[in-house]
1. Looking at residue 126 and the list (1) assigned to a helix (DSSP H, G or I); (2) over 22 Å from residue 34 (Cα atoms), which single condition is not satisfied?
2. Of everything in segment 199-225, what is outside any loop (DSSP other than H, G, I, E, B), in contact with a helix residue (DSSP H, G or I) (Cβ under 9 Å, 6 or more places away or on another chain) and surrounded by 15 or more Cβ atoms within 10 Å (Cβ to Cβ)? Give them in sequence order.
3. Any residue that is surrounded by 23 or more Cβ atoms within 10 Å (Cβ to Cβ) and either within 22 Å of residue 83 (Cα to Cα) or in contact (Cβ under 8 Å) with a residue 12 or more places away in the chain (or both) - is there at least one of those in segment 125-138?
4. Evaluate the following for residue 196: is it surrounded by fewer than 16 Cβ atoms within 10 Å (Cβ to Cβ) and at pLDDT below 95?
5. With (1) without any contact (Cβ under 8 Å) to a residue 24 or more places away in the chain; (2) in a helix (DSSP H, G or I); (3) more than 18 Å from residue 140 (Cα to Cα) as the list, and residue 160 as the residue in question, which single condition is left unmet?
6. Looking at 147, 114, which one is in a loop (DSSP other than H, G, I, E, B), within 19 Å of the chain's Cα centre (by Cα) and outside the structural domain of residue 42 (by TED's automatic domain parsing)?
7. From (1) within 24 Å of residue 29 (Cβ to Cβ); (2) without any contact (Cβ under 8 Å) to a residue 40 or more places away in the chain; (3) touching a helix residue (DSSP H, G or I) at 6+ places or on another chain (Cβ under 9 Å); (4) not in a helix (DSSP H, G or I), pick out the condition that doesn't hold for residue 172.
């Protein structure tokens, strides 16, 4: 006998995922790299909370927000120092447990999968070139090739590339920037509480669900996606 979820028409055709803190367990390392970069250019070290808040934004926007005492003429150096620290540690980062199983399951059920991330194209491509992720996603957008979150352009471009209407798109992310981007694009969203932002801030952005683990996220999408 088939399950009720198997009998019900699906709500979404395209599922767009944020990367860091949603699929990739990288929040703590990103925070440390932001803090190290700010120190390198003589700024006051941001708190863990301030550094984690900017995850998901475009790099320059994020670093400027995290380091308000650093002058704009130092932003290029600040960005270079962040990249130096991040790329030195990027192989310490891994997918959250259960992510690969979830992605394979969703793809086998004919969902279109995409990534909408504040990462750079270089950084995302290096990660997606690994054997287990090669050809997993149908499309992706990064902050350095379009507008940063919460501007909706990333999702608009993904929808145009994959020919999907906003009401058929689900955005999944760990920050208010992700959920606000979904609202700005006219899309539904799901938040995850195990990433960069305190999920208490999610309620005002009306996500369909807040998952406290990858297993909960996967189960919700099987039942409601």
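1. Single failed check for residue 126: (2).
2. If the condition is that a residue be outside any loop (DSSP other than H, G, I, E, B), in contact with a helix residue (DSSP H, G or I) (Cβ under 9 Å, 6 or more places away or on another chain) and surrounded by 15 or more Cβ atoms within 10 Å (Cβ to Cβ), then 205, 210, 211, 214, 217, 218, 221, 222, 224 are the ones that fit.
3. No, the conditions are met nowhere in segment 125-138.
4. It is false that residue 196 is surrounded by fewer than 16 Cβ atoms within 10 Å (Cβ to Cβ) and at pLDDT below 95.
5. The one condition residue 160 does not meet is (3).
6. Going through 147, 114 in turn, the sole match is 147.
7. So residue 172 meets the others, but not (2).
The values are calculated or read from the model by the stated rules, or taken from the named source; none is laboratory data. The model shown is predicted, which means the values in this text are computed figures rather than measured ones. Here Cβ is always computed from backbone atoms with ideal geometry, including for glycine, and neighbour counts include all displayed protein chains.
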